[in-house]
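Worksheet for the structure shown next.
What follows draws every value from the coordinates through simple rules; no lab data is involved. Keep in mind the model is a prediction, meaning the values are calculated, not measured. When we count neighbours, we look across all protein chains shown, and the Cβ atoms used for this are built from the backbone with ideal geometry, even at glycine.
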Amino acid sequence: MRKAKTWLPGFLLVLPSMILVGLFVYWLIAKNVFTSLQRSTNFVTDKVVNPGGYHNYTQLLGSGDYQHALMNLLVLTVVFMVGTMVMGLLWAVLLEKGVGAEGVFRSVYLFPMAVSFIAAGVVWRWLLSPAQGDGAIGLNQLFIKLHLDGLQSSWWSSPSRFSMAAMAIPAIWQLSGYVMALFLAGFRGISEDQREAARIDGASEWKIYRHVLFPQLSPIALSALIILGHMSMKMFDLIYVIAGPNSYKAAVPTTMMWTQLFAQSNPQAAAVNATILLIIVAVVVVPYLVTTSRSERSR
Amino acid sequence: MRKPTLLSVVAATTAALTLAACSTGTATTGSSSSSSSSSSSSAKPGGAGGDVGVFTWWAAGSEKKGLDALEALFKQKYPNDHFVNLAVAGGAGSNAKAKLASDLANNQPPDSFQGHAGAELTDYIAKGQIEPVNGIVDELGGESVFPKDLLGRLTVKGNIYSVPSNIHRANVVWVNPAVTKKAGITAAPKDMASWIEDMKKLKNAGVNTPLTIGGTWTQVQLLETVLISDLGPEKYAGLFDGSTAWDSAEVKKAAADFKTLLTFTNTASDGDDWPAATDMVIDGKAAYNVMGDWAVAEFADKGKKDGTDYTYFPVPGTDGVFDFLADSFTLPKGAKNPEGTKDWLRLIGSPEGQKAFNLAKGSIPARTDVPASDFPPYQQSAMASFKKDKIVSSIAHGAAVNLAWLSDISTAVSKFYASKDDATLVKDLAAAAKKNQA
């Protein structure tokens, strides 16, 4: 009896959120997986659209369009993560070195994050216009005006296999400020004593960063990478606004999901796509969650 | 983890209860409404009353003006009804269609929604989401006022599922005569080959972009007009019933011509909209733009004069063919106010409604008994063509193919725009047909 008194009120308090999370997250995931395994036929033509079972997965994974989309996603994610981390760290170091009017710079770098992907996408669609020469607009026009004609590019519309790297530019622009804020907080958390001690020992500025400061930032870098990684894999709105609903060049699994569900009325394929995406994200996030909870427990 | 407070528990429980209430509410509306499937009812003077929610993607420009004109007329003729505008903007209707699809799937249909007449509606018919409206169409005059060709395209298994509001033509080339004069071109080219010759002349005369394009759907529209030109209207129509193969020699020639045409165009990105492409012709930066006849509103808005500042002709090789698309309105199954919807459909199909709407939108009436003299010159010429031309259905605007097929074709064209590989385009088009054709 006394035992129940200790755990019961707490349990009752947590119960509603457990039910809600169970229903709206885990039950829906289960439902999604269930849908992805269903067999389906076309309403009008009676042709089999999805054979059912694991064949749904082999069908989607085997299609050239989906492999192309996964390749795009890989290029986007790598360029976006590296770009954002480098820019964020660079800005953080510059601000940390004590630039004048730090508050102004900090807000300027953070502002893009306040803009929604949709709104930014409308502007970037225009900035990343592939038109060159006379009809150039956006960045290409800027390059012409600066007499840097050679820098003109077709951006994400170029025939290159790695054209999605250009799609990472707006995303880097938008999230570098966030990474900067994370690193800046990390720098501020390290006490000044350590730097002074290092200086007395005769360490150069570079060595202080390399051996004293950066190692202490690695947990922050890891969380930033995880956050950026899963954002990149789920990114939909920016790409949809910039490239439209049927773009092949800019296809990623999320934009394909939109087409599968709404244009092709093929919820099974969309569910397969969603499940694959969930697995990819889980492969990245779950090990991170496990290590953090372990290190928290050991503290 | 933060412990939930008592307040949040209460809030969560209330939320759960509200959700439960909502879902039962949906279920009852869904089941009770299935009985009201007949569309033959007599009109009440002044309207049946209640809210009439009308779902469209007409949220800007001439389309919005047309919808506003209809709304004003609806208020005047059916004062008991209350018009509710449920327009969703953006993406040439693709955003709206996605919202509509989820509303219909959740059994929360609007009272009436806009749909392109033809194959696009078959998706909704197959899922049993819209009701036949034969009664309303008969009441409006049936075949005596609507062209037979058009009603045939709205009819599925003997039932008509929507009331057409307006007709557009997609195979129109808009020309800036001041630019074509630079290359000494004065007459409209007779066929695709001579049109391509004209573009070469223009290029030699220093016009960098003889032809303009926009995003993916405008390229699909250009491709469909090239297909009509190279296949002729009968074989083109055969692409959709299976009598013409998508990998036949004619389609291969059309793909090659399409590729040649794209060498004369500006560089577009997949997400671009159409007005930018038409504006290049208006501003004298380009000679030609293939665009549906809604472009006439763009010329009028910029104060350009028909005949002097701009001219137009059917895409070369498609003279005497009317590549049509039509908007139409439906009666969804489970609509909350079906009688109000019928008032709306009566207005859409009436001569007054068609005149008010089409004058503002720049399209032509679906009815043949609206006097042409009330319309500006372009629309008069389109109305004359519509009466005598061979009518074929547009791909890019859902008249010839359903949404699934269209999205496969669009992806193939988008892929082609990057690769410029016409053999793969034909292969992809054939695969799309194989996947989606009955």
For peptide A:126-135, the mean count of other chain Cβ atoms within 10 Å per residue Cβ is 5
Taking every pair of distinct Cα atoms and averaging 1/r, then inverting, what Kirkwood hydrodynamic radius in Å comes out for the stretch B:30-180? 17.5 Å
Angle, helix B:61-77 long axis vs. longest principal axis of chain B, Cα atoms, 0 to 90°, nearest 10? 40 degrees
Take every Cα-Cα distance within the stretch A:67-250, group them into 10 Å bins from 0 onward, and report for each bin the whole-number percent of pairs it holds. 9, 30, 30, 19, 9, 2, 0
Size of charge dipole - the protein assembly as shown - debye, nearest 20, with Cβ of Lys, Arg +1 and Asp, Glu -1, no other charges: 2120 debye
For chain A, whose charge dipole is built from +1 on Lys and Arg Cβ atoms and -1 on Asp and Glu Cβ atoms, the candidate among A:VAL123, A:LEU90, A:MET231 with its Cα farthest towards the positive end is A:MET231
Let me know the mean shielding of B:207-218 by other chains, meaning the per-residue number of their Cβ atoms within 10 Å of its Cβ. 2
Give me the three principal axis extents of the stretch A:66-164 from the C-alpha atoms, as integers in angstrom, largest value leading. 43, 38, 25
At most 15 other Cβ atoms within 10 Å and a DSSP loop assignment: could you name the trypsin sites (Lys or Arg not before Pro) in the stretch A:1-59 that fit? A:ARG39, A:LYS47
Dipole of the protein assembly as shown, positive end: most advanced residue of A:VAL99, A:GLY62, B:PHE146 [Cβ charges, Cα centre]: A:VAL99
Degrees between helix B:6-33 axis and first principal axis of chain B (Cα, 0 to 90, nearest 10): 80 degrees
Averaged over A:218-230, number of beta-carbon atoms from partner chains that fall within 10 Å: 0
Have a look at the DSSP beta bridges in chain B and tell me what percent are antiparallel, nearest 5. 60 percent
Scattering profile of the stretch A:1-158 from the Debye formula, Cα beads only, expressed as log10 I(q)/I(0) at q = 0.17, 0.20 Å⁻¹, is -1.16, -1.28
To the nearest 20 Debye, how big is the dipole of the stretch A:91-156 about its Cα centre, given +1 on the beta carbon of each Lys and Arg and -1 on that of each Asp and Glu? 100 debye
What aspartates and glutamates sit close enough to B:LYS77 to cross-link, taking a C-alpha to C-alpha distance under 19 Å and skipping anything fewer than 8 places away on the same chain? B:ASP51, B:ASP68, B:ASP111, B:GLU139, B:GLU339, B:ASP343, B:GLU352
Whole-angstrom gap from the stretch B:195-239 to the stretch B:374-438, using each part's C-alpha centre: 12 Å
Take the stretch B:183-251, drop everything but the C-alpha atoms, weight them equally and run the Debye formula without solvent; then report log10 I(q)/I(0) at 0.22, 0.24, 0.25 Å⁻¹ to two decimals. -1.01, -1.07, -1.10
Among the trypsin sites (Lys or Arg not before Pro) within the stretch A:109-178, which fall in a DSSP loop and have no more than 15 other Cβ atoms within 10 Å of their own Cβ? A:ARG161
Summarise the long-distance tail of P(r) for chain B by giving the % of C-alpha pairs beyond 30 Å. 46 percent
Using a 10 Å cut-off on Cβ atoms, rank the peptides A:78-91, B:371-384 from the highest mean neighbour count down. A:78-91, B:371-384
Taking only the alpha-carbon positions of the stretch A:161-212 and ignoring solvent, what does the Debye formula give for the base-10 log of I(q)/I(0) at q = 0.14 Å⁻¹? -0.57
Can you tell me which lysines have their Cα less than 17 Å from the Cα of B:LYS259? Leave out same-chain residues fewer than eight positions away. B:LYS200, B:LYS203, B:LYS415, B:LYS420, B:LYS427
DSSP bridge orientation in the protein assembly as shown - percent antiparallel, rounded to nearest 5: 60 percent
Over chain B, what relative contact order in percent results from Cα pairs under 8 Å that are six or more residues apart? 26 percent
Calculate for chain B the 222 nm mean residue ellipticity that helices alone would give, adding -39,500 (n - 2.57) per DSSP H run of length 4 or more and normalising by residue count, nearest 500 deg cm²/dmol. -16000 deg cm²/dmol
Give the distance, in whole Å, between the Cα centre of the stretch A:78-131 and the Cα centre of the stretch B:97-134. 43 Å
At 222 nm, what helix-only mean residue ellipticity would chain A give, in deg cm²/dmol to the nearest 500, using -39500 (n - 2.57) for each DSSP H run of four or more? -22500 deg cm²/dmol
Based on a Kirkwood Rh over C-alpha pairs, give the Stokes-Einstein translational diffusion coefficient of the protein assembly as shown at 4 °C and viscosity 1.567 mPa s in µm²/s. 45 µm²/s
Restrict the search to the stretch B:288-371; then list the trypsin sites (Lys or Arg not before Pro) that DSSP places in a loop and that have at most 12 other Cβ atoms within 10 Å of their Cβ. B:LYS305
Computed ³J(HN,Hα) along the stretch A:268-273: with the Karplus parameters 6.51/-1.76/1.60, θ = phi - 60°, integer Hz and x for glycine or proline, the list is 5, 4, 4, 5, 4, 4
Most to least packed among A:193-206, B:317-330 [average Cβ atoms within 10 Å]: B:317-330, A:193-206
Test item: Cα-centred dipole of the stretch A:67-250, Lys/Arg +1 and Asp/Glu -1 on Cβ, debye: 300 debye
Go through A:ALA165, B:HIS168, B:ALA412 and say which Cα lies farthest out towards the positive end of the charge dipole of the protein assembly as shown; charges sit on Cβ, +1 for Lys and Arg, -1 for Asp and Glu. A:ALA165
So what is the relative contact order of the stretch A:67-250, in percent, for Cα pairs below 8 Å that sit 6 or more residues apart? 35 percent
